[in-house]
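Presented below is the structure to which this report refers.
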Amino acid sequence: MRVIVHRIESIRDAAGNLGKRIELVEESVIPSFAIRPQSEEARMVQEMVRVLQQQMPIFGARMQSYQPKMILFLTEEEYEQLGVEFDVNQVYEVTLSGQAIKFRKIS
């Protein structure tokens, strides 16, 4: 499966050790096909919405809530031992097999 690093936060565990909370969400592919309106009025409305989205980015923002696929709570030592440097918005291929989780960074 492919995941995207959605959020990285600094945390302290119950013992007071500094660590990281890494939230991974499943990558979703959004089809990019154009919808061609049938009427002239519909084309005009579609063009107006497109212009509004360009002029005011808030109209183009998707109000999407993310459902985490995986959340890692790691101490600094565990993070170093894992050997994966997570970056927000970076895509990783996650492989689950034989009681192991493997992360491979997608370029």
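Here residue 28 meets the list (1) more than 15 Å from residue 6 (Cβ to Cβ); (2) polar (S, T, N, Q); (3) within 22 Å of the chain's Cα centre (by Cα); (4) at pLDDT below 75 almost entirely, failing just condition (1).
Mind listing just one residue for me: the one in segment 67-83 that is outside any strand (DSSP E or B) and loosely packed, with under 13 Cβ neighbours inside 10 Å and, of those, modelled with the lowest pLDDT?
Here is the first cut: in segment 67-83, the residues outside any strand (DSSP E or B) are 67, 76-83.
After this cut, where a residue has to be loosely packed, with under 13 Cβ neighbours inside 10 Å as well, the list is 67, 76-77, 80-81, 83.
On the way: 67: 80, 76: 93, 77: 93, 80: 95, 81: 95, 83: 94.
Across segment 67-83, the extreme among qualifying residues is 67.
Residue-level check: of (1) surrounded by 10 or more Cβ atoms within 10 Å (Cβ to Cβ); (2) modelled with pLDDT of 90 or more, residue 37 misses just (2).
Listed by first and then second residue, the pairs with beta-carbon distance under 8 Å, at least 6 apart or on different chains, first residue in segment 68-82 and within 18 Å of residue 16 (Cβ to Cβ), second modelled with pLDDT of 95 or more and among the charged types (D, E, K, R), are 73/20; 73/21; 74/20; 76/20; 79/20.
The values are calculated or read from the model by the stated rules, or taken from the named source; none is laboratory data. In this text, all values refer to a predicted model and were calculated from it rather than measured experimentally. Positions of Cβ are backbone-derived with ideal geometry, glycine not excepted, and every protein chain shown enters the neighbour counts.
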